[in-house]
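One structure is given here, and the rest of the page talks about it.
The values are calculated or read from the model by the stated rules, or taken from the named source; none is laboratory data. Because the structure is predicted, anything quoted here is derived from the model rather than measured. All Cβ positions, glycine included, derive from the backbone under ideal geometry; neighbour counts span all protein chains shown. Note: areas computed on protein heavy atoms with side chains; ligands, DNA, RNA excluded. Shrake-Rupley method; radii C 1.70, N 1.55, O 1.52, S 1.80 Å.
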Amino acid sequence: MVHPLRERKEDIPLLARHFLHRFAAKYSRPGLELTRAEEAMLAGYDWPGNVRELQNVMERAVLLSKDGTLNLNL
């Protein structure tokens, strides 16, 4: 059994960076990176939708990014 993402906070930054790089490449948005503050914000969220919700948030952030800045809305 895999535990919910809210119980695996240490996995959130790694997964978020993975999704960020994957979607940045897919949508030709190079150079996007997570700041420590953004990682902390992501880790502080409970993720009721688990990994799929994190994936969707990162895809939306890449699509809405402007001037190399992520737009994380939780």
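Taking region 15-40 only, how many residues are under 21 Å from His3 (Cα atoms) and modelled with pLDDT of 95 or more? Let's see the steps before the verdict.
Filtering region 15-40 for residues under 21 Å from His3 (Cα atoms) gives 15-19, 39-40.
Then keep just the ones that are modelled with pLDDT of 95 or more; that gives 15-19.
Residues that pass the stated criteria total 5.
State yes or no: is His21 surrounded by 15 or more Cβ atoms within 10 Å (Cβ to Cβ) and free of Cβ contacts under 8 Å to residues at least 12 places away in the same chain?
Working: surrounded by 15 or more Cβ atoms within 10 Å (Cβ to Cβ): yes; free of Cβ contacts under 8 Å to residues at least 12 places away in the same chain: yes.
It is true that His21 is surrounded by 15 or more Cβ atoms within 10 Å (Cβ to Cβ) and free of Cβ contacts under 8 Å to residues at least 12 places away in the same chain.
Being open to solvent by 90 Å² or more (accessible area, probe 1.4 Å), out of contact with any Asp or Glu (no Cβ under 9 Å at 6 or more places or on another chain), more than 14 Å from Gln55 (Cα to Cα) and not hydrophobic (A, V, I, L, M, F, W, C) is the filter here; which residues of region 1-18 pass it? Even if it seems obvious, please write down each step before you answer.
Taking region 1-18 first, the residues open to solvent by 90 Å² or more (accessible area, probe 1.4 Å) are 1-3, 6-7, 10, 14, 18.
Narrowing the set further to residues that are out of contact with any Asp or Glu (no Cβ under 9 Å at 6 or more places or on another chain) leaves 1-3, 7, 10, 14, 18.
Now restrict to residues that are more than 14 Å from Gln55 (Cα to Cα): 1-3, 7, 10.
Scanning region 1-18 gives His3, Glu7, Glu10.
Looking at Ala37 and the list (1) part of a helix (DSSP H, G or I); (2) surrounded by 11 or more Cβ atoms within 10 Å (Cβ to Cβ); (3) within 13 Å of the chain's Cα centre (by Cα), which single condition is not satisfied?
Just one mismatch for Ala37, condition (2).
In region 40-56, which residues are on the phi > 0 side of the Ramachandran plot, assigned to a helix (DSSP H, G or I) and surrounded by 17 or more Cβ atoms within 10 Å (Cβ to Cβ)? First the steps, then the outcome.
To start, the set of residues in region 40-56 that are on the phi > 0 side of the Ramachandran plot comprises 47, 50.
Going one step further and asking which of them are assigned to a helix (DSSP H, G or I), we end up with 50.
Scanning region 40-56 gives no hits.
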